[in-house]
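*Asks:* Dropping a structure here in structure tokens format, bear with me for questions.
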Amino acid sequence: MKTALVTGAASRLGERIAHFLADRDYSIVLHANRSADKARLLARNLAGKGVETHVVVADFANQTSIAHFCGELTARFGAPDVIVNNASVFEHDFPGQAEPEKLAISLSVHVLAPFSIIEAAAKAKKPGAQVSVFNILDHKLLNLNPDYYSYTLGKSALMALTEMWRRAERPDVRVFGLLPGLMFPSGPQTDERFLSDSAKIPTGRATPPEQVCAAIGFYLDHPDMPAQMLPIDGGENLLPRRRDVAFE
């Protein structure tokens, strides 16, 4: 049976992706940190459907924890056939009001952890096997604004990592970048404000998480397709904004 790793898998997009890959007959490795209890509940739900599921807890803000996670991952499961780097830290800051500690955490979670996971999988994979990696980015990288400053810097570095793997032209390790738009209420958004902000998107609605899952499925169904970047945001990246939509 093929194996899929989903980081930040306990809720929201990570949970949807875990269900999607489980329905495609992958055994699932769920990574979580503070939401470990939610991840274990998700694992029980998937196991109830006959899906082999494992939970591995790790704090990606800690370099030693990342190293231990990668060692345990490859020792127990080998190189996953699918890796979804979804784990994230999303806290507001702004240029001139930022702290180095917040940037360090963002770079650790958004860059060092995916970097280490991909490198470990590339070294552990069997000859002839293919690893497909999906780095969850953000549509705002195509149309920057200064809100969520440290988060955006971390995601920008992950986008550069993704592009360099893509240019390495390794068909056995495909690294895709998916750039979703507004999907769930975040930051200071109320449910009412979320609906109002969703209406500002060209399609008039927030991005359904199922569209991200469908993109992953499409690329998995086409193993000869080279890695690429794909915005999934209803055209949101085409609208210039001086601030994040939640602060407009």
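The values are calculated or read from the model by the stated rules, or taken from the named source; none is laboratory data. Given the structure is predicted, the values throughout are model-derived calculations rather than measurements. With ideal geometry, Cβ positions are generated from the backbone for all residues, glycine too; neighbour counts draw on all protein chains shown. When the accessible area is computed, the model is the full protein with side chains, heavy atoms only, and any ligands, DNA or RNA have been set aside. Shrake-Rupley method; radii C 1.70, N 1.55, O 1.52, S 1.80 Å.
*Asks:* How big, in percent, is the set of alpha carbon pairs in the range 124-248 lying more than 16 Å apart?
*Replies:* Taking all Cα-Cα pairs of the range 124-248, the fraction more than 16 Å apart is 65 percent.
*Asks:* I need the trypsin sites (Lys or Arg not before Pro) found in the range 1-31, filtered to DSSP loop residues with at most 15 other beta carbons within 10 Å of theirs.
*Replies:* LYS2, ARG24
*Asks:* Could you tell me what percent of the accessible area of the range 4-52 is made up of carbon and sulfur, with a 1.4 Å probe and every protein chain present?
*Replies:* The C+S portion of the solvent-accessible surface of the range 4-52 is 42 percent.
*Asks:* Take the chain, connect every pair of alpha-carbon atoms lying under 10 Å apart with a spring to form a Gaussian network, then pick out the residue of PRO231, PRO95, PRO202 with the largest mean-square fluctuation.
*Replies:* PRO95
*Asks:* Could you list log10 I(q)/I(0) for the range 140-195 at q = 0.15, 0.22, 0.31 Å⁻¹, which the Debye formula gives when each Cα is one point scatterer?
*Replies:* With one equal scatterer per Cα and no solvent, log10 I(q)/I(0) is -0.58, -0.93, -1.23.
*Asks:* Please work out the average accessible area per residue across the range 38-110, using the 1.4 Å probe convention, and give it in Å².
*Replies:* 51 Å²
*Asks:* Kindly provide the helix-only [θ] at 222 nm of the chain, computed as the sum of -39,500 (n - 2.57) over DSSP H runs of four or more divided by all residues, to the nearest 500 deg cm²/dmol?
*Replies:* Dividing the helical sum by the residues of the chain leaves -12500 deg cm²/dmol.
*Asks:* Using only Cα atoms, what is the ratio of the radius of gyration of the range 43-181 to 2.2 N^0.38 Å?
*Replies:* The value comes to 1.12.
*Asks:* Here's another thing I want to ask about it. With every protein chain left in place, what is the accessible area per residue of the range 137-183 in square angstrom, probe 1.4 Å?
*Replies:* 37 Å²
*Asks:* Of the listed peptides 174-180, 76-82, 59-65, what is their order by residue-averaged count of other C-beta atoms within 10 Å, with the highest listed first?
*Replies:* So the peptides 174-180, 76-82, 59-65, ranked by packing, come out 174-180, 76-82, 59-65.
*Asks:* Next up: State the volume of the convex hull built on the alpha-carbon positions of the chain, expressed per residue in Å³ and rounded to an integer.
*Replies:* Normalising the Cα hull of the chain by residue number yields 124 Å³.
*Asks:* Which of the pairs LYS140/LYS200; LYS38/LYS102; LYS38/LYS125; LYS2/LYS125; LYS102/LYS155 have their Cα atoms more than 19 Å apart in this structure?
*Replies:* LYS38/LYS102; LYS38/LYS125
*Asks:* Accessible area of the range 94-229 with a 1.4 Å probe: how many percent of it is carbon plus sulfur?
*Replies:* Carbon and sulfur: 60 percent of the exposed surface of the range 94-229.
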